[in-house]
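Trainee: Have a look at the structure that comes next, please.
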Amino acid sequence: MATSNHTNVTVTCPAPMKATSNGSWQGDNPLDYALPLAILQICLVVAFTRTLALLLKPLRQPRVIAEIIGGILLGPSAFGRSEKFLHTVFPKRSMTVLDTLANFGLVFFLFLVGLELDLRAIRRTGSKALAIALAGITFPFLLGIGTSVILRATVSKGVAQGPFLVFMGVSLSITAFPVLARILAELKLLTTDMGRIAMSAAAVNDVAAWILLALAIALSGTESSPLVSLWVLLSGSAFIIFCIFVVRPVLSYMAERSFDGEPVKEIYICATLSIVLAAGFVTDTIGIHVLFGAFIVGILVPKDGPFSGVLIEKIEDLVSGLLLPLYFVSSGLKTNVATIQGAQSWGLLVVVIFTACFGKIVGTTVVSMILKVPRNEALALGFLMNTKGLVELIVLNIGKDRKVLNDQTFAILVLMALFTTFITTPIVLTIYKPARLVKSYKHRTIQRKDLDAELRILACFHSTRTIPSLLNLIESSRGTRRHGLCVYAMHLMELSERSSAISMVNKARKNGLPFWNKKRSDNDHMVIAFEAYHQLSSVSIRPMTAISAFDTIHEDICLSAQGKLVSLILLPFHKHQRLDGAMESLGHSFHLMNKRVLKKAPCSVGIVIDRGLGGSSQVSASNVSYSVVVLFFGGRDDREALAYGSRMAEHPGISLTIIRFLPQQGKSLMDTTKSSVTIGMEELEHEKKADEEFLKEFKQGFTTESTSYKEKVVESKAEIISVLKEMSKSNLFLVGRQTPTMPLLDSTDCSELGPLGSFLASSEFSTLASAVVIQQYNPSGPVLIDERAEAGDETEPDTPV
């Protein structure tokens, strides 16, 4: 009970909420208890924000937009207008628990952000990105100061000038590093030059924003004495020095004792997470904010080795999936759009949005153009750097908690953050269009008249287990031509919704070879294999990385193939062989990726069914001894398979066998009763004529004793299977995808391989023989390509264009 002496009004303080109820059968309402209510709040928030994210996906908006909008809608701006809803789901007495959970999630999220920021990469930032970052901070900060003067004269009367000025400057100058990376990935710009500049500049901007925020917090204490702010800053500096000289060695000790291929000790994980919480406690005691301690510890964790990756795996899904959305709701409950009333308030909103956009976009664009960045790219960079996100909300919430921002100013700035991020993707898509139609290049197939021309192959892989077989296949493809072979080895990396996917970008750029997310060591046989291969004069291997969601990664593959003037794309089959010989699927997304590449490829495509070609390690050129079989039924794809086989036959360690299947006189090997494709007589005659001409040229061309040619007359499926099984001890089969023959299996789940390929991929055929199913490029329809790659410059950075 609290009694006022002046008015004699008795106020009853609500009793604190108990943790758990006795159950509804005992007459308790679960929503009157802290834990059941918190569970309901988490479930509601996650379901609501994820639904919004799905609805906004066609607009290509990052998930943070859905979470900000979801928070605002659940607050007093929309659903919260209903007093019943607000008092039932988000009663005031539950706010302490909600805010505590939200900030607990935020502490570990900021630890993750620190883990992903590699200070070494920031130190290596080029002068161009550094200048763009400084321009992107300075111009908006200065305009933020100007805006703060207008706001203090209107809706923010009476607030302290210093803190308000710094908070306004920081809120206008922030660039959201994780949100920017997500947008760049969505737009396929992540690994382009512009993407690299934007990411580097955003990383610098991120660090600068946190320093400025620490300054703003130090200035915004309730004590008016400047000595207090000075003590806060000095204590904060002392804490950072302590962390560098005491905490970092402890973290390094644990990281050094976490080895690849071994589980990280549980005590190390527990100790690190405890250090994060302790650091947060210290910074909160100092008076900066609990988040800073976690952020600093995250930065100091060694980035090499498995330690940081395991930390991310342990905490990311729980934090990002369940706890972090609560922070957006906590922020949304403080945001009341209804406080923006009248012409003056809406006018101020327009002024704030204009100054935020003007400062960021004009500042970044002008400096970029001075640094010789093309005009379209410079303008796109300006809009990209204008991206806001979670860090912006953190700044605004701290400002509101510190009484620097009132309700109206807070609502204005939240809407500004939402608007500037929302417009980024559509505007960048409008002003920056790298994809357009271009002239076709000459060599899109292996079959060609100019046999001395360089053969370019784009070899894709998504795990290191396929690299030995890939290298052995490349070695077999080397040939003896004057211009040899150029291979672009593309690592396919999935960009998931997880924030840590951003750290993959940095890891992929750390060195020329993107295949290892760890410190390179001399005993890594993969590194030795690729580096040794790179030294071969006749084979040039160039590493590339494609970082994208698997439902759109086929675009990266096709654009890169056209940009590098590739003749053959090699894709891993979506199944791998288990120890018992059975084929096991790697996932439906890989299956769909292969189908999409087959449909949209700008050149020939080969799907590699790997059963350990050459064993589990790369075989040196002198030790190559493979028997390769080409199965020839006729048609465009079979001619391409034979052209590939004839190139392989040039290798001294390859013995090539061509088996031509012929139907009995007057009969066809195609099952016309089940075939949905009808081929005209004229086209059939044309294909037969092309087959005979190609075979004639091939027979005239091969003189090696290791090449043999056989013809088999068959009339049934059983006879074809019998011939194939006779050859099942061979190392490698080369077959066409759309082979004019009957299906050899009654049913298959990989029909995209065609009648022969699907049989060769089945477990009943062989457990030893690998196969490449080849589709020759069909020149029907134009292909999209990035204008930067039109020239096909061989010296360009080897990243997807």
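Trainee: Considering only the range 256-292, how many residues are touching a Leu at 6+ places or on another chain (Cβ under 6 Å) and small (Gly, Ala, Ser)?
Mentor: The qualifying residues number 0.
Trainee: Tell me whether the range 151-159 contains one or more residues that are assigned to a helix (DSSP H, G or I), touching a residue at least 24 places away in the same chain (Cβ under 8 Å) and either small (Gly, Ala, Ser) or over 28 Å from residue 381 (Cβ atoms) (or both).
Mentor: yes
Table: residues versus (1) open to solvent by 30 Å² or more (accessible area, probe 1.4 Å); (2) under 26 Å from residue 104 (Cα atoms); (3) outside the structural domain of residue 550 (by the TED database).
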residue	(1), (2), (3)
184	no, no, yes
207	yes, yes, yes
211	yes, yes, yes
214	no, yes, yes
235	yes, yes, yes
238	yes, yes, yes
254	no, yes, yes
262	yes, no, yes
277	yes, yes, yes
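Trainee: Quickly run through the range 443-480 and pick out the residues that are surrounded by fewer than 20 Cβ atoms within 10 Å (Cβ to Cβ) and among the basic types (Lys, Arg).
Mentor: Once the filter is applied, which keeps residues that are surrounded by fewer than 20 Cβ atoms within 10 Å (Cβ to Cβ) and among the basic types (Lys, Arg), the range 443-480 yields 448, 449, 465.
Trainee: Residue 359 - would you say it is of a type outside the set (Phe, Trp, Tyr) and in contact (Cβ under 8 Å) with a residue 12 or more places away in the chain?
Mentor: It is true that residue 359 is of a type outside the set (Phe, Trp, Tyr) and in contact (Cβ under 8 Å) with a residue 12 or more places away in the chain.
Trainee: Would you be able to say whether some residue in the range 565-579 is over 27 Å from residue 454 (Cβ atoms), open to solvent by 10 Å² or more (accessible area, probe 1.4 Å) and without any contact (Cβ under 8 Å) to a residue 12 or more places away in the chain?
Mentor: Looking for residues that are over 27 Å from residue 454 (Cβ atoms), open to solvent by 10 Å² or more (accessible area, probe 1.4 Å) and without any contact (Cβ under 8 Å) to a residue 12 or more places away in the chain, one finds at least one in the range 565-579, hence yes.
Trainee: Continuing with this model, one more query. Residue check: is residue 175 outside any helix (DSSP H, G or I) and touching a Lys or Arg at 6+ places or on another chain (Cβ under 9 Å)?
Mentor: yes
Trainee: Looking only at the range 724-756, which residues are under 21 Å from residue 640 (Cβ atoms) and β-branched (Val, Ile, Thr)?
Mentor: Correct list: 735, 739, 741.
Trainee: Taking the criterion of being charged (D, E, K, R) and over 33 Å from the mean Cα position of the chain (by Cα), would at least one residue in the range 275-295 satisfy it?
Mentor: Yes - at least one qualifying residue is present in the range 275-295.
Trainee: Moving to a separate point now. Would you check if there is a residue in the range 582-603 being surrounded by fewer than 24 Cβ atoms within 10 Å (Cβ to Cβ) and closer than 17 Å to residue 769 by Cβ?
Mentor: So far as the range 582-603 goes, yes, one or more of its residues are surrounded by fewer than 24 Cβ atoms within 10 Å (Cβ to Cβ) and closer than 17 Å to residue 769 by Cβ.
Trainee: Please state which one of 345, 308, 330 is modelled with pLDDT of 90 or more, in contact with a helix residue (DSSP H, G or I) (Cβ under 7 Å, 6 or more places away or on another chain), open to solvent by less than 20 Å² (accessible area, probe 1.4 Å) and not aromatic (Phe, Trp, Tyr).
Mentor: Of 345, 308, 330, the one residue that is modelled with pLDDT of 90 or more, in contact with a helix residue (DSSP H, G or I) (Cβ under 7 Å, 6 or more places away or on another chain), open to solvent by less than 20 Å² (accessible area, probe 1.4 Å) and not aromatic (Phe, Trp, Tyr) is 330.
Trainee: Select, from 127, 94, 148, 156, the only residue that is under 29 Å from the mean Cα position of the chain (by Cα), on the phi < 0 side of the Ramachandran plot and not hydrophobic (A, V, I, L, M, F, W, C). Before the answer, list the steps.
Mentor: On the way: 94 fails: under 29 Å from the mean Cα position of the chain (by Cα); 148 fails: under 29 Å from the mean Cα position of the chain (by Cα); 156 fails: under 29 Å from the mean Cα position of the chain (by Cα).
Of 127, 94, 148, 156, the one residue that is under 29 Å from the mean Cα position of the chain (by Cα), on the phi < 0 side of the Ramachandran plot and not hydrophobic (A, V, I, L, M, F, W, C) is 127.
The values are calculated or read from the model by the stated rules, or taken from the named source; none is laboratory data. No experiment lies behind these values; they were computed from the predicted model shown. Quick reminder, even Gly has a Cβ in these numbers, built from the backbone with ideal geometry, and neighbours come from all protein chains shown. Quick note on the areas: whole protein, heavy atoms, side chains included, nothing else; ligands and nucleic acids left out. Shrake-Rupley method; radii C 1.70, N 1.55, O 1.52, S 1.80 Å.
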